[in-house]
Amino acid sequence: MQVRIIRALLDYFISSHYCQGMFYITDENSTSDIPKGDFVTSKKLLELINNAIAQEMQVSIQYMWQHLMAKGIEGATVENTFRETAIAEMKHAENLAERLAFLNGVPTNNPNTVHIGHSLEEMLKEDVQAEEEAIRLYKEAIQVADKEGDYATRRLLEEILSNEEKHLDKFGKLLVGMTSPFTQPQL
């Protein structure tokens, strides 16, 4: 009798709103469907974090190459910005990979497609676009983490989002300065 009551309570708990979208690591040899082992976040959030890792790897490579490819007087003014931003993006990828591993996910080692550009203006346009994509991705991931109650992941994503917004601002200002002061470039 007690086993049936416990089983009914567990079934209710597992099917309740609190557990929807969550999954657990279970013992493969277990014949029970009762959750065992470590709590893991939703597949959706794991995928979003992995997408963010791929994005961060992409831009870290992109900005490092741009740092090397920037030429002339204009290039000299932005090469350090590219280098510093590339290093910051690598740190973002590392922090995200550590968090994903903590959540029992497997971090990707495949960056998104790198877009370097041929001129400094093209490079900055590519960078503005990449930062805008990252900001959209982080906003979505923050909403999912918040909905799931994963506050540590949310906090990490918010910190990175803040950095991405600063990168967008910096690249946007450089691009405006390249095209013509006080006008908005056509992206």
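Relative to a virtual label point 7 Å from the Cα of N95 in the Cα→beta-carbon direction, which members of segment 112-135 show backbone nitrogen distances below 19 Å?
Answer for this model: 131-135.
Each residue of segment 56-66 in turn: what ³J(HN,Hα) in whole Hz from Karplus with 6.51, -1.76, 1.60 and θ = phi - 60°, glycine and Pro shown as x?
5, 5, 4, 6, 5, 5, 4, 5, 5, 5, 5
For the residues D150, D127, D169, what sequence is obtained by ranking on other C-beta atoms within 10 Å, fewest first?
By the 10 Å Cβ count, ascending: D169, D150, D127.
Got a sec to turn the phi values of segment 147-154 into Karplus ³J(HN,Hα) couplings, 6.51 cos²θ - 1.76 cosθ + 1.60 with θ = phi - 60°, whole Hz, x for Gly and Pro?
My calculation for segment 147-154 gives 4, 7, x, 8, 6, 5, 5, 4 Hz in order.
What percentage of all Cα-Cα pairs in segment 43-179 are separated by more than 24 Å?
That fraction is 29 percent.
Which cross-chain or sequence-distant (5 or more) residues have an amide H under 5 Å from the amide H of S119, H modelled 1.01 Å from N in plane?
Counting only residues 5 or more places away or on other chains, the set is empty.
³J(HN,Hα) across segment 159-167 via Karplus (A = 6.51, B = -1.76, C = 1.60, θ = phi - 60°), whole Hz, x for Gly/Pro?
Values per residue, Gly and Pro as x: 4, 5, 4, 4, 5, 5, 5, 5, 4 Hz.
Grab the beta carbon distance between I87 and K43, set R0 = 30 Å, and tell me the FRET efficiency rounded to 0.05.
Once rounded, the FRET efficiency stands at 0.45.
Each reported figure results from applying straightforward, stated rules to the coordinates on display, with no laboratory input. All of these numbers come straight from a predicted model, not from anything done at the bench. All Cβ positions, glycine included, derive from the backbone under ideal geometry; neighbour counts span all protein chains shown.
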